[in-house]
1. Separation between the LYS158 and LEU211 pseudo-spin-labels, each 7 Å from Cα along Cα→Cβ, expressed in nm?
2. In whole Hz and in residue order, list the ³J(HN,Hα) couplings for region 94-99 that follow from phi through the Karplus curve 6.51 cos²θ - 1.76 cosθ + 1.60, θ = phi - 60°; x for Gly and Pro.
3. Extension gain HIS84-GLU188, at 0.36 nm per residue separation less the Cα-Cα distance, in nm?
4. Calculate, for ILE199 and TYR124, the FRET efficiency according to 1/(1 + (r/R0)^6) with r their C-beta to C-beta distance and R0 41 Å; round to the nearest 0.05.
5. Accessible area of region 14-54 with a 1.4 Å probe: how many percent of it is carbon plus sulfur?
6. Among the listed pairs LYS162/LYS214; LYS214/LYS234; LYS55/LYS161; LYS158/LYS214, which have their C-alpha atoms separated by more than 20 angstrom in this model?
7. Which loop-located trypsin sites (Lys or Arg not before Pro) does region 29-110 contain, where loop means any DSSP state but H, G, I, E or B and the Cβ has at most 15 other Cβ atoms within 10 Å?
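The values are calculated or read from the model by the stated rules, or taken from the named source; none is laboratory data. From a predicted model like this one, the values you see are computed outputs, not experimental measurements. Cβ sites come from the backbone with ideal geometry, for glycine too, and all protein chains shown count toward neighbours. Note: accessible area is taken over every heavy atom of the protein model, side chains too, but ligands, DNA and RNA are not part of it. Shrake-Rupley method; radii C 1.70, N 1.55, O 1.52, S 1.80 Å.
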Amino acid sequence: MTWIISALFAVAGVGAANTLIPIYYSLGIPFSIAASAGLLLNVVSLSSATINNAKRGRILWKLGTIFLIPAVIMAPVGAFIGIHAPRKILLWIFVAFLGYTLYNLIRGRTKEETNKFSGNTKGYILGIIVGAIAGFLGGLLGVGGGMIILPVLALIEKDYKKVSATAGYIALFSSASGLTSYLFLLREISYELWLVILIGGILGGFSGSYLMNKMNTLYIKYTIISIITFVLIKILIGIL
C-alpha cells in the first residue's frame, strides 16, 4: 500500500503521508506511531525530490525559507500536543485537514490568484503565518504541512513547478523537525513499520518518477481525489 500510494502521490507532486496515516491507523497502529511513520515517509520521499529540484533550479530559496523557519519551530510544538491530545480530537482535525486538501485539489487555481501576493510584503507576512500553522499541524498530524503550504505558495508564485519544488523543500525540513520530536517523545517505536515505510517510500518515489513520464497527471489527480474521499468517509464513519 505504501509503495502504490506513494507512487501515485509522487506523480502528482504531493506527499502521501496525509492519506497513509489514517490507513495505518485503520489497520490498528496507534495514531502517534502512525504520525511519526508519516513524517519519516515525507523525509525519505522529499529528500531525493529536493536534491533533484535544487539541481534544476526550481526551488525559491528565499521565499521557501520564510515559510520554513516558523514551520520548523512550530513542528515540535505540534508533535508534543499530538502525543498528549485525545484521539478523537486529532481525528476531527485530520478530517478538517483532508477536507481542506480535497477542496484545493478539486478547486485548482486561477491565473488571477497568482498575482494577489506575488513579490510584496503581504506575501512574506502570509508566508510566516502560514509556515507557523503548517509546521504546527504538520507535527500534530504527522503530515509535514506541505499540502497546507502548497496552495498558499500558488498565490505568490506563478510557476507551478517552482511552487511544488519549494513546498517540498519546506515540508522536508518541517517533517524532519516533527520526526525528531517524536523520537524524543514516543515511548515505543515500531521499527518494523519504519522498515516498511523506507522500502515502500523509496520504491514509490522511483515508480512515481517513472509513471510521471508515462501517464497523464490529470488521471493521477483524480485517483488521489478518489483515495482521499474514501479515507475521509471511512474516518467520519468511525468517529460519528
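1. With each label placed 7 Å out from Cα toward Cβ, I get 3.2 nm.
2. After applying 6.51 cos²θ - 1.76 cosθ + 1.60, I find 5, 4, 5, 5, 5, x Hz.
3. Working: separation 104, 0.36 × 104 = 37.44 nm, distance 1.44 nm.
Separation in residues times 0.36 nm, less the Cα-Cα distance, equals 36.0 nm.
4. Working: r = 40 Å, r/R0 = 0.97.
Calculated value: 0.55.
5. Values: 760 of 1160 Å².
Its accessible area is 65 percent carbon and sulfur atoms.
6. Details: LYS162/LYS214 22 Å; LYS214/LYS234 31 Å; LYS55/LYS161 13 Å; LYS158/LYS214 25 Å.
Check vs 20 Å cut-off fails for LYS162/LYS214; LYS214/LYS234; LYS158/LYS214.
7. On the way: sites: LYS55, ARG56, ARG58, LYS62, ARG87, LYS88, ARG107, ARG109; in loops: ARG56, ARG58, ARG109.
Sparse-neighbourhood loop trypsin sites (Lys or Arg not before Pro): ARG56, ARG109.
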